[in-house]
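Everything on this sheet refers to the single structure shown next.
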Amino acid sequence: MSRILTRRSVLRLSAAGTGLFVAGRYFTGTTFAAPPPLEQQDTYTIGFAQTDLNNPWRIAESKSMQDEAAARGYTLVETNANEDTAKQIADVKSLIAQGVDILIFPPRESQALAPVVMEAKAAGIPVILIDRDVDHSIAAPGEDYVTFIGSDFIDQGRRAAEWLAEATGGEARIIQLEGTTGADPAIDRQQGFEDYLAGMVQGSPTPDGPIAGMEIIASQTGNFTRDQGREVMQTLLQANPDVTAVYAHNDEMAIGAIAALQEAGRAPGEDVTLVSIDGSNAALDAIVDGTLGATVESSPFFGPIAFATMDQYIAGEEIPDWVKVEDRFFDESNAAEFQGTQY
Amino acid sequence: MAVPTPRPARAMEPLAASRRPGFDLRAVLQTSQTARALAALVVLLVYNVLFTTNFVSLGTFNANLTQVATIVIVAVGMTFVIATGGVDLSVGSLMAVSGVLAPLFLVSGGQFGAPWVGLVLAFTVPVAVTALFGLFNGTLVTKVGLQPIIATLVLFLAGRGIAQVIVNGELREFRNLGSPLVPGFEFIGLGGIAGVRFQILIMAVVVAVAAWALRATVFGRYVLATGGNEAASRLAGVPIQKVKLTVYTISGLLAGIAGLIVVAINRSSDPHRVGELMELDAIAAVAVGGTPLSGGRATILGTLLGALIIQLLRFTLISHNISDGVARIVIAAVIVVAVLLQRQRTS
């Protein structure tokens, strides 16, 4: 006990000091009620920290960002976290260290990525979040970062339900193929759909009220994949041969379900009506074939809207806390027109 | 024929004849592990017949067997590997490799001389490549001396990466290939002979050949000897290295076949999703079937039963619309019970 300062206590003290310093920076940061400004320049370096490139949607998102940056002659510095939250945090930190002009990225987890948004603010770099948001109790849009640009997943579910109600005349026995359990899009798309059937939209009753003739007879996860969508549909079809409609949380599962229905001798598009979400090329092909009824777009094409929002911010315009992506709707009336233009 | 004859003490037996070669149904059923697995399967079947709507139907039969086919095919390879005391984590990734390679040969014109050459290549090249990857696994285990779990972790990670690089990370739709060869290729996943789906027949052949090889061939004896006591087997003249190289190659080859089936069924090849978590499904089937993960003993029939039990359990839970979270807990509980039963037997 003779030594007062052991190696460990020095480490502890320095850690505490760093923590205080960081906390201090956050507090001083939050006293400015606006994100750091961005000067008018000829060109910009944009830091884009992608979560992963493990599915066509993410690949389309990255390509959209790259194309838009190239069209404007800006430099896009892209990183890929490969589905690893810690890696994305490190990626964003290194982009901050590189001194990019602005950060645009989809935070992989809403809580884990919030502190680096604050770090960017402290470093004087404005942040625009796309497709996923951070926890507003840690970092607030309009104060700590410019805005969140993304689709309204609940509204996507509502639009699917509305179309299905009309297509089936309000009479349907529905199998719901859910996305990955616990994922935000899965939770919201289920809520939007089920609320509409129960006669609710955004917490207030619809004029028509609950739709008694539309019943969800089974609801199981297909993990957003074609293979599991097919297997789960195959199984549910045995126990529920009276099914007349399928609502899939994404296109891939709907396409799997179509295969399962055809295999069982059913006629998807005729005796079973299918609706899904995403707006992929494969879904448009299926709509043209007549097997899929409709798909609500969940656009991955963030490039144009993200850069346009950045322009507005540079110009000092007022930007809402949530810039909603205008998702299109594809059914037999317009699917052929857009065939091959999606992802 | 089946009159039990008194056996000489084990130590006196030559290694390669510690059990009488040849298929003997009674002997199979007498191994308590297989009997337990069979009993569990029967319980599940009876429950479903009583309580699941439309369970007794051709549709249910086909749905279950088509869904379980790829797991069984991969799990048979896994059984051989586990019998030598190893494990193969790379099978799912190798399925993805095979799945992305096949469409490369499904091209429209006469790039390979005659069109049918492309079709033959689409079936053979992917499987040959994954077999070579399996051989690579075996080489890491034998020549480099890596632990099997580490050795096969290499291709678990790199294999999927290779699959992604080959197609630039993109999902490939077969209908967009515009090739007349596609329907011929899809036969492996969607075709049938006399009303029985083709992948069920593949599964049956794989199981029959593997069960025979394990029980009735010198190779089968060598596999079990290697896993039972490697040092003693080496002294007794068992070619340990060759045996290990062979089992990993078989595992890679079977994973390749399973990959072809999956992409044919889905009419698309997704390098990120094909074979995802297959290594765990296969290991679970082997464990539930009664093959100890320590090696030295193995039962192909058990593996088939193990896969069928897990499949039927999943089918039952989904049919009754049990939520995903509860379903996972039930499946985990079944695996725990199976492993506990196994421990009782070994101790």
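The values are calculated or read from the model by the stated rules, or taken from the named source; none is laboratory data. The model shown is predicted, which means the values in this text are computed figures rather than measured ones. Please note: Cβ atoms are built from the backbone with ideal geometry, for glycine as well, and neighbour counts cover all protein chains shown. Accessible surface is based on the protein model in full, side chains and every heavy atom, while ligands, DNA and RNA are left aside. Shrake-Rupley method; radii C 1.70, N 1.55, O 1.52, S 1.80 Å.
Key figures for this structure:
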{"read-out": "Test: B:Ile309 is modelled with pLDDT under 95, more than 11 Å from chain A (Cβ to nearest Cβ), surrounded by 14 or more Cβ atoms within 10 Å (Cβ to Cβ) and under 24 Å from the mean Cα position of the chain (by Cα)", "value": "yes"}
{"read-out": "Yes/no for B:Ala208 being open to solvent by 10 Å² or more (accessible area, probe 1.4 Å), part of a helix (DSSP H, G or I) and of a type outside the set (S, T, N, Q)", "value": "yes"}
{"read-out": "Odd one out for B:Ile265, checked against (1) away from chain A (no Cβ under 14 Å); (2) within 18 Å of the chain's Cα centre (by Cα); (3) assigned to a helix (DSSP H, G or I)", "value": "(1)"}
{"read-out": "Residue count for the stretch B:146-163, restricted to those that are in contact (Cβ under 8 Å) with a residue 60 or more places away in the chain and either within 19 Å of A:Ala282 (Cβ to Cβ) or open to solvent by 80 Å² or more (accessible area, probe 1.4 Å) (or both)", "value": "2"}
{"read-out": "Scan of the stretch B:318-335 for residues that are assigned to a helix (DSSP H, G or I), of a type outside the set (Gly, Ala, Ser) and at pLDDT 85 or above, ordered by number", "value": "B:Ile318, B:Asp324, B:Val326, B:Arg328, B:Ile329, B:Val330, B:Ile331"}
{"read-out": "Residue in the stretch B:191-205 that is in contact with a Phe, Trp or Tyr (Cβ under 6 Å, 6 or more places away or on another chain) and touching a residue at least 40 places away in the same chain (Cβ under 8 Å) present", "value": "no"}
{"read-out": "Residue list for the stretch A:247-263, filter: under 10 Å from A:Leu177 (Cα atoms) and of a type in the set (A, V, I, L, M, F, W, C)", "value": "A:Ala248, A:Met253, A:Ala254, A:Ala257"}
{"read-out": "Considering residues of the stretch B:229-256 that are farther than 30 Å from B:Ala96 by Cα and either without any contact (Cβ under 8 Å) to a residue 40 or more places away in the chain or in a helix (DSSP H, G or I) (or both) only, the residue least open to solvent (accessible area, probe 1.4 Å)", "value": "B:Ser233"}
{"read-out": "Filter result (more than 12 Å from every other protein chain (Cβ to nearest Cβ) and open to solvent by less than 20 Å² (accessible area, probe 1.4 Å)) within the stretch B:314-338", "value": "B:Ala338"}
{"read-out": "Tabulated pairs, the stretch A:164-193, first of a type in the set (Gly, Ala, Ser) and assigned to a helix (DSSP H, G or I), second open to solvent by less than 30 Å² (accessible area, probe 1.4 Å) and at pLDDT below 95, C-beta under 7 angstrom, 6+ apart or interchain", "value": "A:Ala186/A:Gly179"}
{"read-out": "Of residues in the stretch A:274-306 being under 15 Å from the mean Cα position of the chain (by Cα) and of a type in the set (Gly, Ala, Ser), the one nearest to the other protein chains (Cβ to nearest Cβ)", "value": "A:Ser280"}
{"read-out": "Subset of the stretch A:268-289 [within 20 Å of B:Leu190 (Cβ to Cβ) and either in contact with a Phe, Trp or Tyr (Cβ under 7 Å, 6 or more places away or on another chain) or open to solvent by 30 Å² or more (accessible area, probe 1.4 Å) (or both)]", "value": "A:Gly269, A:Asp289"}
{"read-out": "Members of the stretch B:273-295 found to be within 14 Å of chain A (Cβ to nearest Cβ) and in contact with an Asp or Glu (Cβ under 9 Å, 6 or more places away or on another chain), listed by number", "value": "B:Arg273, B:Val274, B:Glu276"}
{"read-out": "Filter result for B:Ala163 (closer than 24 Å to B:Ala282 by Cβ and within 14 Å of chain A (Cβ to nearest Cβ))", "value": "yes"}
{"read-out": "Candidate set from the stretch A:213-245 (those that are more than 8 Å from chain B (Cβ to nearest Cβ) and polar (S, T, N, Q)); member that is most open to solvent (accessible area, probe 1.4 Å)", "value": "A:Gln228"}
{"read-out": "Test result for A:Thr30, assigned by TED's automatic domain parsing to the domain that holds A:Val116, modelled with pLDDT under 95 and assigned to a helix (DSSP H, G or I)", "value": "yes"}
{"read-out": "Odd one out for B:Phe55, checked against (1) part of a helix (DSSP H, G or I); (2) within 14 Å of chain A (Cβ to nearest Cβ)", "value": "(1)"}
{"read-out": "Residues of the stretch A:251-267 that turn out to be open to solvent by 10 Å² or more (accessible area, probe 1.4 Å), small (Gly, Ala, Ser) and within 12 Å of another protein chain (Cβ to nearest Cβ), as a count", "value": "3"}
{"read-out": "Any hit, the stretch B:166-177, residues being away from chain A (no Cβ under 14 Å) and surrounded by fewer than 21 Cβ atoms within 10 Å (Cβ to Cβ)", "value": "yes"}
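Residues checked against (1) more than 14 Å from every other protein chain (Cβ to nearest Cβ); (2) open to solvent by less than 30 Å² (accessible area, probe 1.4 Å):
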site	(1), (2)
A:Arg158	yes, no
A:Ala165	yes, yes
A:Ala172	yes, yes
A:Leu177	no, yes
A:Thr181	no, no
A:Pro185	yes, no
A:Gln190	no, no
A:Gly203	yes, no
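Conditions (1) part of a helix (DSSP H, G or I); (2) among the acidic types (Asp, Glu); (3) in contact with a Gly (Cβ under 7 Å, 6 or more places away or on another chain); (4) under 18 Å from B:Ile250 (Cα atoms), marked per residue:
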site: B:Ala122; (1), (2), (3), (4): yes, no, no, no
site: B:Val144; (1), (2), (3), (4): no, no, no, no
site: B:Ile149; (1), (2), (3), (4): yes, no, no, yes
site: B:Asn176; (1), (2), (3), (4): yes, no, no, no
